[in-house]
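A.B. asks: The following block contains the structure, expressed as structure tokens.
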Amino acid sequence: MATLLAAPLLGGTAHASSYGTPDIKLADSYLSGAVGSTGDPVATVTVSQSGATAAQLTVTATHTTGKSVAQPGDVTITGTGATRTVAIAAEGQGETDVTLEVTGGGGKTATTTLHYAASPSVQDAAQTRYWTGAADASAAVDLGGGYTVVGDDENNTLRLYQDQTSGAPVKTWDFSSQLGLSDDDELDLEAAARVGDTIYWTGSMGNNKDGKLEPDRAILFTTNVTGSGATAGLTFGGYYTGLRDDLVAWDQANGNRFGFAAGSAAGQIPKEANGFNVEGLEFAAGSTSTAYIAFRAPLVPPAGDGKALLVPVTDMGQLVSGSPQTATHATFGDPVEMDLGGLSFRDIRKNAQNQYLIIAGSWAADDNTEPYVLYSWDGVPADAPAKLMTVPTEYGGWEDIITVPDLTQPSPVVQLVQDDGSADLYGDGTEAKDLDQTEWQKSRTTWFTL
């Protein structure tokens, strides 16, 4: 009698053999978020399987290593095509590995690991975003269309961020080669100001934290802006290396009134009340050639509740108009001593109406628990600033004003940026600037109502 052969069952073992092993890949293996945040960055995964369409594949979070940070139920995966989006709602500060699994035809699976870190909750969480890729935001300039270019005091890269969006920069620029800098040279960018389509950038001009002379920190350079918003571009303009020396010589010629020579000497710590350290730059009211250098140190006098110092440079445009070897020396106007309640400048910015906004903070290096205070000023050297508010601070230091609203209107709103390089964002004892993963490095930006 003939033997009957059983027909293969559709969807059974025989059919499963026609499917390949699924593939799941992360666009980036590291992701940062924050507890209670709005609009955190998301991760992107792509999935595929031979013998199956993308719509047949499902992606789930199956395991997390740090349950107090996030559990599988805190992971939301959206999309039905080859590309899926992974969002995580953090429960607590810390780091966790998230196992993502794709299940395809024939029940076959594959996994990948997303390394996730969450910073702690903050006040004004709904008005806060986080710009990733660097942690030491120290100079910021509006490029229009809701985009800001940010300088960092730990590297020489300029980064373009979308104001309202957390995540990585949309563009970057590095002009180290035009400035003659090697990979180890650091500008220590701390201040910037825009006039027309030119942005002036400067480092702190001070020594390093150990008192070592750092000539690269005294470079003043310009970039030229083309376009605006996401399509904005920056090209190199020129640079000048003598501004620090000019400031010292000017002060010496005027009886060492501010102690610049001693404050900038080898061995002097810059972030002392009698040190030498620049943190702000902005043009004088109605001028495109005179700009204020705003000092974090020294205070005047350095003892007691000294005043904060502005020194006007009256020929900014000429300083970078030629090669640094042939540029004219800087000339200076009458200095402005400003009572900021014993605090010093961390940033200064003005609007088209010549209304100035000032971030005042401690001159000290380890000052994350000290207050940061916003002041308004009318730009008249003889007039005193007006205190507006103390800015809430959980960690980091407020160092950047993007734009100044019309301060005569009720409840104006301002966007500030925080330098978080020294913050232990994830509770692991590592400062943000020392994290190996740049995706976990970030600076906070928040809108405050004045």
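A.B. asks: Taking the chain as a Gaussian network, Cα atoms linked when under 10 Å apart, which of Arg129, Arg159, Arg257 shows the biggest mean-square fluctuation?
C.D. replies: Arg257
A.B. asks: Let me ask another. By its C-alpha gyration tensor, with a ≥ b ≥ c as the square roots of the eigenvalues, how is the range 20-119 shaped: rounded for a/c under 1.5, else prolate for a/b larger than b/c, else oblate? Please report the intermediate quantities before stating the final value.
C.D. replies: Details: a/c = 2.55, a/b = 2.04, b/c = 1.25.
Prolate, since a/c reaches 1.5 and a/b exceeds b/c.
A.B. asks: Who wins for biggest fluctuation among Gly421, Gly36, Gly206 in a Gaussian network model of the chain, springs between alpha carbons below 10 Å?
C.D. replies: Of Gly421, Gly36, Gly206, the most mobile in the Gaussian network model is Gly36.
A.B. asks: Tilt of helix 243-253 relative to the longest C-alpha principal axis of the chain, in degrees (0 to 90, nearest 10)?
C.D. replies: 20
A.B. asks: Let me ask another. Would you order His329, His115 from fewest to most other beta-carbon atoms within 10 Å of each residue's own beta-carbon?
C.D. replies: By the 10 Å Cβ count, ascending: His329, His115.
A.B. asks: Still on this structure, please answer the following. Quick check: pseudo-label points 7 Å beyond the Cα along Cα→Cβ at Asn208 and Ser176, how many nm apart are they?
C.D. replies: 1.4
A.B. asks: Report, in deg cm²/dmol and to the nearest 500, the calculated mean residue ellipticity at 222 nm for the chain, where each DSSP H run with n ≥ 4 adds -39500 (n - 2.57) and the sum is divided by the residue count.
C.D. replies: The per-residue figure over the chain is -1000 deg cm²/dmol.
A.B. asks: Leaving out same-chain residues fewer than 8 places away, which lysines sit with a Cα under 29 Å from that of Lys271?
C.D. replies: Cα-Cα hits under 29 Å: Lys209, Lys212, Lys307, Lys350, Lys387, Lys433, Lys442.
A.B. asks: If you put +1 on each Lys and Arg Cβ and -1 on each Asp and Glu Cβ, how big is the dipole of the range 125-449 around its Cα centre, in Debye rounded to 20?
C.D. replies: Approximately 820 debye in magnitude.
A.B. asks: Another question about this same structure. Give, as ranges by residue number, the residues of the range 96-128 whose backbone N falls under 16 Å from the point 7 Å along Cα→Cβ of Lys67.
C.D. replies: What the label zone holds, given the 16 Å backbone N cut-off, is 96-99.
A.B. asks: Next up: In the P(r) worked out for the range 125-449, what percent of Cα pairs fall beyond 32 Å? Could you put the intermediate results ahead of the total?
C.D. replies: On the way: 10718 of 52650 pairs.
I get 20 percent for the Cα pairs in the range 125-449 exceeding 32 Å.
A.B. asks: Among Lys442, Lys25, rank each residue by its count of other Cβ atoms within 10 Å, from fewest to most, as a rough exposure measure.
C.D. replies: Lys25, Lys442
A.B. asks: Pick from Ser119, Ser289, Ser344: which residue has the top mean-square fluctuation in a GNM of the chain where Cα pairs under 10 Å get a spring?
C.D. replies: Judging by the Gaussian network model, the answer is Ser289.
Bear in mind these aren't lab numbers, they're just calculated from the coordinates by the rules spelled out. Keep in mind it's a predicted model, so treat the numbers as computed, not measured. Here Cβ is always computed from backbone atoms with ideal geometry, including for glycine, and neighbour counts include all displayed protein chains.
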